[in-house]
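Values quoted throughout were computed directly from the atomic coordinates according to the rules given, and no laboratory measurement underlies them. Since we're looking at a predicted model, the values are computed, not measured. Here the Cβ positions follow ideal geometry from the backbone for every residue, glycine too, while neighbour counts run over all protein chains shown.
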Amino acid sequence: MDQSFSDYQVTVNTQYADLNGYVSTQVYSKSQADLQISSAIQTVNSSVAGNYATITSVASAQDARDAIWAIDVDQNGVVNGIALTSTLVDGGVSSSFLVKADEFRVGQTGGPGGYTAPFQVINGITYITDAYIRNASITTLKIGENQVMVPVSSTRDDLIVGNGSWQIVQSTFVALSVAAPILIVFSPVHSYTGVDLGTGYLHEFRLRINGQIRQIRGGLAVQDYPALSYTETSSAGLVEIRVDWKAGANLTLGNRTLASFGVKR
C-alpha cells in the first residue's frame, strides 16, 4: 500500500415547516509518496423562508508548505470572512491575513459593556483615533474640512523693457481636481533707465485667469517691488494664470515670481 488515508464526517440536521438547519463536520488526512494533506471543515447552516446563513470554517495544511485557516459567512449569497495563510518558499515563510467585511474594528473593552475602537475600517475608509507615523508618503493630505493647498510657482530673471503696449511677462497652470479656492501671488522687480517727465513711471499690471481679466493695478508712482494678490473659487480642471505688463521705455521688469495655491483633493 503506497498511501495512508483517513476521514471522518458527521452531519446533524433539523427541519420544521420552512425552518431548516444543519451542522456538518468533516475531518480528512491523506499521506502518499508525493502528497500530504490534512484538513478539517465545519459548516453551520440555518434557513428560514428562503433566507439562509451559512458559516464555513476551514483549516488545511499541505506538504508542510501551504497552510490556511479561514472562516466564511455566507448570508443569502453575500460572502464575508477572514483568512490566515502561510506559505513556505525557498526556506522562507510568507504569511497574510485577509478580512472581507463592510466594517473592521480593532479595540478593547472599557469596563462593563464598554468598547473603544481606536482603529476602524468602515466602507473602505480608515479611521484612526491616535497614530504615530515614523515615515509617511501621502498623495493628498486633508486636514479637517480643508485640503492642503498645493503650490505651483515659477521664477524668471530675463529683463523685459517697456514698450507702451501690453506684454505677457509670466504665466502658469494649476490643476484642480474639484472646484475650489485658488490664491495667486505675483511679485516682480522694477528697474529704471530714466524718467519721462510727461509720463513719469506709468505702468500697469493685468492679471488674467483662463483669459478673463481679474485684476488691474498700476499708476505713476515709483514702485520698486509692485505686487498682485488675488483669490477666487475656480472650476475643476486646468486653470491658466497669466500676468500682463504695460510700461514705457524708461521701465524694465526683471526678477519676478508667480505663485498659485490651489486646494487639491
Taking 7 Å along the Cα-to-C-beta vector as the label spot, tell me the Ala179-Leu141 distance in nanometres, rounded to one decimal. 2.8
Calculate the spin-label point distance for Glu103 paired with Ala64, positioning each point 7 Å from the Cα along the beta-carbon direction, and give it in nanometres. 4.5
Can you tally the net charge around Leu88? Count Lys and Arg as +1, Asp and Glu as -1, for every other residue whose Cβ sits under 11 Å from the Cβ of Leu88. -2
Selection from Val239, Ala53, Asn13 lying farthest towards where the dipole of the chain points positive, charges on Cβ: Val239
Rel. contact order, % - alpha carbon contacts under 8 angstrom, at least six apart, the chain: 15
Place a +1 charge on the Cβ of each Lys and Arg in the chain and a -1 charge on the Cβ of each Asp and Glu, then give the dipole magnitude about the Cα centre in debye, rounded to the nearest 20. 1180
Using Cα pairs closer than 8 Å and at least 6 residues apart in sequence, work out the relative contact order for the stretch 82-186, in percent. 12
Just to compare against my own numbers: the Cα pair-distance distribution for the chain, 10 Å bins, whole % per bin, please. 5, 16, 15, 14, 11, 10, 10, 9, 6, 3, 1, 0
Ordered by fewest other Cβ atoms within 10 Å, a rough proxy for footprinting exposure, Asp7, Asp74, Asp34 read Asp34, Asp7, Asp74
If neighbour count is taken as other Cβ atoms inside 10 Å, put Phe104, Phe186 in order from fewest to most. Phe104, Phe186
Per the 1/(1 + (r/R0)^6) rule, R0 = 45 Å and r from the Cβ atoms of Tyr115 and Asn255, FRET efficiency to 0.05 is 0.15
Considering Cα pairs under 8 angstrom that are at least six residues apart, work out the relative contact order of the stretch 149-263 and quote it in whole percent. 52
Cα-based Rg / Dmax (Å) for the stretch 149-263: 14.8, 50
Which of the three applies to the stretch 1-132, rounded, prolate or oblate, going by the alpha-carbon gyration tensor with a ≥ b ≥ c and a/c under 1.5 meaning rounded? oblate
Likely footprinting exposure, Arg134, Arg208, fewest C-beta neighbours within 10 Å first: Arg134, Arg208
